[in-house]
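What follows is one structure encoded as structure tokens, with my remarks underneath.
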Amino acid sequence: MRYTSTRDKNVSVESAQAIAAGISADGGLFVPVDIPKLTLDEIAAMANLSYIERAKRILSLYLTDFTEDELDWCVSGAYGDGKFSSEEVAPLHELREGEEILELWRGPTCAFKDMALQLLPRLMTVAVKKTDGSRETVILVATSGDTGKAALEGFKDVEGTRILVFYPVDGVSPMQKLQMTTQEGSNVAVCAIEGNFDDAQTGVKTIFTDKAIGEKLNDNGMAFSSANSINWGRLVPQIVYYFSAYCDMLKKGKIKAGDKINIVVPTGNFGNILAAYYAYEMGMPVNKLICASNKNRVLTDFFETGVYDVNRDFYTTSSPSMDILISSNLERLLFIAGGCSDEFVRSMMSKLKEDGKYEIPSEVMQKISALFSSGCCDDEGTKRTIKEVFEKYDYLCDTHTAVAVEVYEKYLEASGDNTPTVIASTANPFKFSASVLEAVEPCKGDNLDEFSMVSELAKVTGACCPAQLANLRDKEVRFTGVCNRDSMEKVVFELLGI
Ligand SMILES: *Cc1c(COP(=O)(O)O)cnc(C)c1O
């Protein structure tokens with residue numbers, strides 16, 4: 001299996017190089033040249049496997065330059081040893097017949113990012129050994145909250161790596177902030193930046209592709225890589241859980257082999273839903289992929305009109321991990337839908353850079369619309385949905401998941417489409433206690449600090465706060481730095497001591 005760049009088809013590398021580098025030198029994203037296919041029989045056969053075995057099966061199709069032993073070391077280390085609070089790793093919870101919640105937050109940091117970021121450091125370690133064994137890998141992360149913590153936890157004390165995380169100073173929840181600023185480990189650093197997630201992401205991308213900075217690192221035996229979902233090593237682990245969900249539905253007799261399902265994904269950077277798209281391209285029977293956004297509805301507008309336009313207000317919402325205007329992974333969908341044309345992607349991306357918008361041709365849009373549906377939901381709708389889901393189904397969901405549930409309800413009402421549906425649930429509700437408590441018991445949390453809010457939420461709902469969140473209360477804050485976008489480069493050098 002070879003990988004090429006969305007912006008230069010002359011690029012041809014193996015998966016180890018794609019993962020070690022993170023992003024292609026031309027600024028494009030690595031994509032597999034061919035998408036491997038599975039037959040219905042092959043998919044059905046996975047129903048009898050454990051999550052770890054399913055993961056090895058899918059990964060072996062993409063990471064063909066990894067040996068079986070290497071894959072086993074990566075996958076068993078990531079998902080074994082009780083690291084996830086469910087033996088199934090990513091279990092399904094039935095809300096009602098035909099509506100399943102896929103719980104992707106059972107990992108150590110209580111957000112779906114763990115699904116990929118428990119695995120990525122291991123993939124990276126093997127990949128660097130294969131490509132350039134001697135260098136130290138510097139992981140640079142821009143986070144809207146959850147990636148930062150999950151990456152810190154995944155990379156902490158991993159030999160041969162250092163990790164630096166930038167987060168928007170007012171753009172994360174108190175719990176998310178505490179999770180990052182109290183991070184343990186000898187190779188980790190965290191810094192707030194004045195600005196929003198897009199500022200952080202743009203800053204990181206700029207540092208990443210700056211030749212002079214790259215040379216300076218090289219002189220010091222270091223090289224950057226990325227743990228953001230622009231790295232193929234983040235995406236490929238995410239394909240697994242969609243197959244796993246399909247297999248679990250088969251196993252429980254909720255569908256028959258060949259039956260289609262809908263998948264609803266609360267979306268920010270377009271990584272999670274893109275993984276579902278890959279599962280579809282690989283042969284998983286899918287009717288609709290439903291892209292759910294919050295008030296930052298740039299993707300909803302894109303799917304409705306074919307115009308991607310970031311010239312708009314940016315909103316800070318109760319689902320902060322989706323407060324994004326530039327969804328990086330859409331580039332990979334454009335590449336495939338545009339007939340694997342690097343020229344097409346280059347022209348769209350240069351329009352985005354120059355005008356902050358682009359419009360894709362109607363024949364490409366038709367292809368996309370046949371599979372994708374979309375919708376958005378503001379903070380009021382999010383709140384109402386959390387309450388409704390709790391009262392109707394006795395299930396407490398977080399703000400991001402609520403956005404997806406609400407968008408699905410509206411889709412169902414408008415389309416009457418009764419296809420069995422999987423809704424990706426991306427965070428534990430206690431990560432966003434203030435918003436969730438306000439939804440189920442308005443005003444109960446007024447004037448309470450974060451941990452009193454957690455106790456109150458547990459009390460009024462009977463739900464239990466995961467220990468790794470509850471224990472943050474007594475942890476020492478290690479990182480208090482704040483910088484602006486222009487000083488990010490300086491901060492990176494300082495933190496690396498070069
Ligand atoms: C990252 C994140 C999302 C968005 O996922 P993308 O892959 O960026 O689209 C949604 N919900 C939560 C809780 C997240 O952490």
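What the table below lists for this structure:
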item	result
For F432: the one exception among (1) within 16 Å of the ligand (Cβ to nearest atom); (2) more than 20 Å from R96 (Cα to Cα); (3) surrounded by fewer than 24 Cβ atoms within 10 Å (Cβ to Cβ)	(3)
Which numbered condition Y167 misses (of (1) modelled with pLDDT under 90; (2) within 14 Å of the ligand (Cβ to nearest atom))	(1)
Segment 149-168 residues that are at positive phi, paired with ones that are part of a strand (DSSP E or B) (beta carbon under 7 Å, 6 or more apart)	G160/E136; G160/T137
Hits in segment 145-181 - residues which are open to solvent by 20 Å² or more (accessible area, probe 1.4 Å) and assigned to a strand (DSSP E or B)	R162
Helices (runs of 4 or more DSSP H) completely within segment 416-494 that count 2 or more residues being among the small types (G, A, S) and without any contact (Cβ under 8 Å) to a residue 60 or more places away in the chain	450-461, 467-470
Filter result (more than 16 Å from the ligand (Cβ to nearest atom) and either in a helix (DSSP H, G or I) or free of Cβ contacts under 8 Å to residues at least 24 places away in the same chain (or both)) within segment 390-409	F390, E391, K392, Y393, D394, E409
Every residue from segment 268-287 that is small (G, A, S) and within 12 Å of the ligand (Cβ to nearest atom)	G268, G271, A275, A276
When residues of segment 410-429 are limited to those that are among the hydrophobic types (A, V, I, L, M, F, W, C) and either at pLDDT below 95 or open to solvent by less than 30 Å² (accessible area, probe 1.4 Å) (or both), the one farthest from the ligand (Cβ to nearest atom)	V422
Selection count, segment 47-64, where residues are surrounded by fewer than 21 Cβ atoms within 10 Å (Cβ to Cβ), assigned to a helix (DSSP H, G or I) and in contact (Cβ under 8 Å) with a residue 60 or more places away in the chain	3
Residue match in segment 205-224 (condition: buried (at least 23 other Cβ atoms within 10 Å of the Cβ) and not assigned by TED's automatic domain parsing to the domain that holds F314)	no
Tally of residues being in a loop (DSSP other than H, G, I, E, B) and either more than 22 Å from W232 (Cα to Cα) or touching a strand residue (DSSP E or B) at 6+ places or on another chain (Cβ under 9 Å) (or both) across segment 109-118	2
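For (1) assigned by TED's automatic domain parsing to the domain that holds T161; (2) part of a loop (DSSP other than H, G, I, E, B); (3) over 21 Å from the mean Cα position of the chain (by Cα), each residue gets a yes or a no:
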{"residue": "F66", "(1), (2), (3)": "yes, yes, yes"}
{"residue": "C74", "(1), (2), (3)": "yes, no, no"}
{"residue": "K83", "(1), (2), (3)": "no, yes, no"}
{"residue": "L95", "(1), (2), (3)": "no, no, yes"}
{"residue": "L102", "(1), (2), (3)": "no, no, no"}
{"residue": "M124", "(1), (2), (3)": "yes, no, no"}
{"residue": "T131", "(1), (2), (3)": "yes, no, yes"}
{"residue": "S134", "(1), (2), (3)": "yes, yes, yes"}
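The values are calculated or read from the model by the stated rules, or taken from the named source; none is laboratory data. Quantities reported herein were computed from a predicted structural model and do not represent experimental measurements. Using ideal geometry, Cβ is built from the backbone for each residue, glycine included, and neighbour counts are taken over all protein chains shown. Keep in mind that these areas ignore ligands, DNA and RNA; they rest on the heavy atoms of the full protein, side chains included. Shrake-Rupley method; radii C 1.70, N 1.55, O 1.52, S 1.80 Å.
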